Amino acid sequence: MTIAIHESALIRHFNTRKEVLRAWEERIGARFSPFRGFKMPDSRLYIEDSNFLDSIVDLIITNERHVFIRGPVGSGKSTLMLLALRDLPTLADRRGNKFVTGYVGMTGLYEKQMAAAIADSLRVKYKRSWESSQIIDAVAKESLRRYVEEQSRTALFIEDVADNQEAAFHKLRFLADLPTEEMIDAYGKTRALDEPIVTLVMSGTMIYWNAMLSFLPQIADRTEPLDVPALNNAKAREFIGRRISYAQGRIDSFDPENFDIYPFTDDAITVINTAANGNPRDIRMLARGCQQVAAEILRKNNDPTVNREIAELVSEAYATILKEVQ
């Protein structure tokens, strides 16, 4: 018995749409869409703001304040944290201490999950049967040992910190307050313990920052909030140029001083960046929308260009969505 499987109209629609998009990508020499999303993108796609990055690293090195990188969703907070994390192991603070770094990128964590994630990121051994307080105590003791014996301070990066449970916050407070009086009494004669041995580098939206002010005022009072700058038109141009180059397999030879943005025009990128308010996630979303429109036009007149007209059309169509998610 033969069963005939008929392709639904919906499936035919999406298959045709995929073929249209693929034709545009092949026309510009891309192996895939330049504007696909990545949970953790290739570092070669990063757009560096050296001045802002220096501000983050300088605060960590001076060890006077914790750091809160603040910005809307999609503004590049995680990217900035990863860039700072990349640079720290090669640097030393004002007393000559090196850095041991950890990164907690998970959110929605409960107390024990947070404690375990911190220990794992800092490569501190613990038993799975331990309570959260025991795990954090092990982290504290190992951070102190590294400081005294190895002249290494701890920099702990925590992404979207206020997405986690309130109880998890207090584990951060304990680490932020190190060294304790007991530690100073035990090790004070060995090495001066008159400064924090753990620096917290946190990220989140303005809402998250306000939550920290409410739940952890003891840390917030000692934390410097840094607002992520929006991309200007030149950086938005580089953002799109890097992604096109990446999709074409040429990212290793990408020259930030001399690169191609074909098939986008400069006017189109200005329109996109203005509509996105310099937010990288929204630039990518609008560029993806422009690709879809340009792909349909390519099928009709064999031209893959994303011009100002297309960018304005897409920006207007996405205006309501962008307003809702900002």
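Yes/no per residue for (1) in the same structural domain as Q218 (by TED's automatic domain parsing); (2) in contact with a Pro (Cβ under 6 Å, 6 or more places away or on another chain); (3) part of a loop (DSSP other than H, G, I, E, B):
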| residue | (1), (2), (3) |
| --- | --- |
| W24 | no, yes, no |
| G29 | no, no, yes |
| S33 | no, no, yes |
| D54 | yes, no, no |
| I61 | yes, no, no |
| I69 | yes, no, no |
| P72 | yes, no, yes |
| S75 | yes, no, yes |
| M81 | yes, no, no |
Inspect segment 103-115 for any residue being assigned to a helix (DSSP H, G or I), more than 16 Å from the chain's Cα centre (by Cα), hydrophobic (A, V, I, L, M, F, W, C) and buried (at least 18 other Cβ atoms within 10 Å of the Cβ) and give the result as yes or no. yes
In segment 118-128, anything touching a helix residue (DSSP H, G or I) at 6+ places or on another chain (Cβ under 9 Å) and closer than 11 Å to V139 by Cβ is listed as I118, A119, L122, R123, V124, K125, Y126
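Matching residues to (1) without any contact (Cβ under 8 Å) to a residue 40 or more places away in the chain; (2) within 25 Å of R22 (Cα to Cα); (3) of a type in the set (A, V, I, L, M, F, W, C); (4) not assigned by TED's automatic domain parsing to the domain that holds E25:
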position	(1), (2), (3), (4)
I240	no, yes, yes, no
I261	yes, yes, yes, no
I272	no, yes, yes, no
D282	no, yes, no, no
V306	no, yes, yes, no
A317	yes, yes, yes, no
On the given criteria, is A211 assigned by TED's automatic domain parsing to the domain that holds F99 and out of contact with any Phe, Trp or Tyr (no Cβ under 8 Å at 6 or more places or on another chain)? yes
Looking at segment 35-52, which of its residues are within 30 Å of E195 (Cα to Cα) and outside any helix (DSSP H, G or I)? D49
When you scan segment 305-312, do you find a residue that is of a type in the set (V, I, T), under 30 Å from S50 (Cβ atoms) and within 23 Å of the chain's Cα centre (by Cα), even just one? no
When you scan segment 135-154, do you find a residue that is buried (at least 22 other Cβ atoms within 10 Å of the Cβ), in contact with a strand residue (DSSP E or B) (Cβ under 9 Å, 6 or more places away or on another chain) and outside any helix (DSSP H, G or I), even just one? yes
Considering only helices (runs of 4 or more DSSP H) fully contained in segment 174-272, which possess at least 1 residues that are closer than 25 Å to F52 by Cα, in contact with a Pro (Cβ under 7 Å, 6 or more places away or on another chain) and among the basic types (K, R)? 233-247
If you check D267, D303, which single one turns out to be among the acidic types (D, E), surrounded by fewer than 15 Cβ atoms within 10 Å (Cβ to Cβ) and over 17 Å from A30 (Cβ atoms)? D267
Would you call V124 outside any helix (DSSP H, G or I), surrounded by 17 or more Cβ atoms within 10 Å (Cβ to Cβ) and under 21 Å from the mean Cα position of the chain (by Cα)? no
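The values are calculated or read from the model by the stated rules, or taken from the named source; none is laboratory data. Everything numeric here is computed off the predicted structure, so don't read it as measured data. When we count neighbours, we look across all protein chains shown, and the Cβ atoms used for this are built from the backbone with ideal geometry, even at glycine.
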